[in-house]
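Okay, so here's the structure we're looking at.
The values are calculated or read from the model by the stated rules, or taken from the named source; none is laboratory data. Bear in mind the structure is a predicted one, so any value in this text is a computation, not a measurement. Backbone-built Cβ (ideal geometry, glycine too); neighbour counts: all protein chains shown. Side chains are part of the model used for accessible areas, which takes the heavy atoms of the whole protein and leaves out ligands, DNA and RNA. Shrake-Rupley method; radii C 1.70, N 1.55, O 1.52, S 1.80 Å.
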Amino acid sequence: MDITKDIRFVGVNDHDVDLFEGHYIVPEGMAYNSYVICDEKTAVMDSVDCHFSNEWIENVKAVLGDKSPDYFIVQHMEPDHSGSIKTFMETFPDTQIVSSQKAFGMMKNFFEGEEFADRRVIVKEGDTLELGKHVLNFVAAPMVHWPEVIMTYDSTEKVLFSADAFGKFGAHDADDDDWACEARRYYFGIVGKYGIQVQALLKKAATLDIQIICPLHGPVLSENLGYYLDLYNTWSSYDSETKGVVISFTSVYGNTRKAVEMLAQKLEEKGVENVVVNDLARSDMAECVEDGFRYDTQVFATTTFNNDIFPFMKEYIHSLTERNYQNKRVAFIENGSWAPTAAKTMKSMLAGCKNLEYAENEVKIVSALNDDSRAKIEALAEELAAAYK
Ligand code: FEO
């Protein structure tokens, strides 16, 4: 596939992966992207997961024929991209490998001491590499989302090779037209903790004339780039993308669920346009985390359990706070049969989060709904809905 006249796609699709990064379900598979830049000198951009070494190298050979690549540029050392480095270096013994100092340190650890000392070119922010008419400019992008990451801006064709940034779950033949859906789940799951670093990257990107973004996952982006950059700005600044209420809950015997369903119905009746209900025990946690960051209001509903809170809620709140959850309006529904303390526990877990606005109304259920708790749900719905009028 041609990206431009000189840049070819040589990546692969993975439909066999069970959990991406040992963590994320990817029902539409995963793409590991790689590119070849053809000029007087040629450069291969990144490798792929080790299960696809042969397919990828055949793709590279299909572009270059008998020619050996001059440069192999490694932007990121996570194994979904670095897994075929050794095979590549053995296949092309004359190719020089270009990467950051930190990346070579990681190669040494991943590859039993091998850091390609006699074939390596170490680059840092601001360094350039001329291939002929193409000039590659290296951009440091630490913690987007590992510390060694460099991105590469081809100032000739105005292409940003963006490593993991602007990537998404799903192979290239995935049946999903909505880029943002799986890009958002990918972003908050994998990069979400590093909003400050993504903001720093976006500031650098704003100084470049970018016509095409070539990420390491998902489609090449070549139209309407403002849309993708704006979303990344929203996500990385922890602004809410969508006005609406996400109700995240766990329920042991269905009583907390009844409260949640009643609240959702009342919010809708009162005109709240987006009301999303997530059962944390039965949903993909990464999808729930994505929604937690997406909507401007969140209701947490759970039970007291082992003098703590129900495990799925505990995992959920931890997943939010470790990703710097902030800038939201939050409310609580708690349930407990003899000593309800779930709201207190949830609040203590969220105590370190910046700029959370706590709803005045809180719902306490003792075992099952009654007139008091129903009245509290009504009051909470009224309070939350008022913000959208
Ligand atoms: Fe796609 Fe951070 O690896």
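Measure off 7 Å from each Cα along the Cα-to-Cβ vector at Glu378 and Thr207, then give the distance between these two points in nanometres to one decimal.
Those two pseudo-labels are separated by 6.0 nm.
If you take every DSSP beta bridge whose two residues both sit in the range 245-384, what share of them, in percent to the nearest 5, is antiparallel?
10
Which of Gly195, Gly105, Gly218 moves the most in a Gaussian network model of the chain with Cα springs under 10 Å?
Among Gly195, Gly105, Gly218, the largest GNM mean-square fluctuation belongs to Gly105.
Over what distance in Å are the Cα centres of the range 290-311 and the range 319-352 separated?
6
Write down Rg/Rh for the range 1-107, rounded to two decimals, with Rg from the C-alpha atoms and Rh from the Kirkwood relation over Cα pairs.
Rg/Rh: 0.97.
May I ask for the longest run of the chain untouched by chymotrypsin sites (Phe, Trp or Tyr not before Pro) that are loop-located per DSSP and have at most 13 neighbouring C-beta atoms (other than their own) within 10 Å? Don't skip to the end; give the middle numbers.
Working: sites that count: Tyr253, Trp338.
Longest gap between qualifying sites, sites excluded: 1-252.
Need one number for the chain: average projected area of the convex hull over its C-alpha atoms, nm².
About 20.5 nm², averaged over all directions.
Can you give the angle from 0 to 90° between the axis of helix 53-64 and the longest principal axis of the chain, with both taken from C-alpha atoms, to the nearest 10?
That helix lies at roughly 50 degrees to the long axis.
Does anything in the range 292-334 have its amide N under 19 Å from the 7 Å Cα→Cβ label point of Glu357, and if so which residues?
292-300, 325-333
Given R₀ = 30 Å, what would the calculated FRET efficiency be for Glu268 paired with Tyr227, taking r from the Cβ atoms and rounding to 0.05?
0.55
Which of the residue pairs Lys193/Lys266; Lys203/Lys266; Lys168/Lys328; Lys204/Lys314 have a Cα-Cα distance greater than 31 Å in the structure shown?
Lys193/Lys266; Lys203/Lys266; Lys204/Lys314, as the Cα separations exceed 31 Å there.
Treating cross-link reach as a plain straight distance, find the lysines whose alpha-carbon is under 23 Å from the alpha-carbon of Lys67, omitting any fewer than eight places away in the same chain.
Cα-Cα hits under 23 Å: Lys5, Lys41, Lys86, Lys133.
For a quick check, take a GNM of the chain with Cα springs below 10 Å and name the residue from Gly83, Gly170, Gly352 with the largest mean-square fluctuation.
In the Gaussian network model the winner is Gly352.
Compute the distance from the alpha-carbon center of the range 87-165 to that of the range 226-249, in whole Å.
31
Show me, for the range 42-52, the HN-Hα J-couplings you get by feeding each phi into the Karplus relation (A = 6.51, B = -1.76, C = 1.60, θ = phi - 60°), rounded to Hz, glycine and proline as x.
In residue order, the calculated couplings are 10, 9, 9, 9, 6, 9, 9, 3, 5, 6, 10 Hz.
Residues of the chain: accessible area per residue at 1.4 Å, in Å²? Present the calculation step by step, with values, prior to reporting the outcome.
Working: 16510 Å² over 389 residues.
I get 42 Å² per residue for the chain.
Out of all DSSP beta bridges in the chain, what portion is antiparallel? Express it as a percent rounded to 5.
In the chain, approximately 40 percent of DSSP beta bridges are antiparallel ones.
If amide H atoms are built 1.01 Å from N in the plane of the peptide, which residues on other chains or at least 5 residues away come under 5 Å of the amide H of Glu125?
When sequence neighbours closer than 5 places are left aside, the close amide H contacts are Ala140.
Report the calculated FRET efficiency for His15 and Glu90 (r = Cβ-Cβ distance, R0 = 30 Å), to the nearest 0.05. Present the calculation step by step, with values, prior to reporting the outcome.
Details: r = 27 Å, r/R0 = 0.89.
Step by step, r from the Cβ atoms, then E = 0.65.
Given a 1.4 angstrom probe, I'd like the percentage of the accessible area of the range 245-384 that is carbon and sulfur, rounded to a whole number.
Carbon plus sulfur share of accessible area: 46 percent.
For the chain, with a Gaussian network of springs between Cα atoms less than 10 Å apart, report the residue from Arg323, Arg374, Arg184 with the top mean-square fluctuation.
Evaluated over the chain, the most mobile residue of the options is Arg374.
Mind checking the full-extension length gain between Lys193 and Asp175? Use 0.36 nm per residue of separation minus the Cα-Cα distance, one decimal, nm.
On the way: separation 18, 0.36 × 18 = 6.48 nm, distance 2.83 nm.
This chain segment gains 3.6 nm when fully extended.
Quick check: net charge around Thr321, other residues with Cβ under 13 Å of its Cβ, Lys/Arg +1 and Asp/Glu -1?
Residues near Thr321 contribute +4 overall.
Of all accessible surface on the range 7-236 at a 1.4 Å probe, what whole percent is carbon and sulfur?
Summing carbon and sulfur atoms, their accessible area is 48 percent of the total for the range 7-236.
Which whole-number percent is the relative contact order of the chain (Cα, under 8 Å, 6+ apart)?
Relative contact order, the chain: 11 percent.
For the chain, take the longest principal axis of its alpha carbons; what is the angle in degrees between that and the long axis of helix 311-321, to the nearest 10 within 0 to 90?
Between helix and principal axis, roughly 60 degrees.
With n ≥ 4 as the cut-off for DSSP H runs, can you work out [θ] at 222 nm for the chain, using -39500 (n - 2.57) per run divided by the number of residues, rounded to the nearest 500?
Using -39500 (n - 2.57) per qualifying helix, the result is -9500 deg cm²/dmol.
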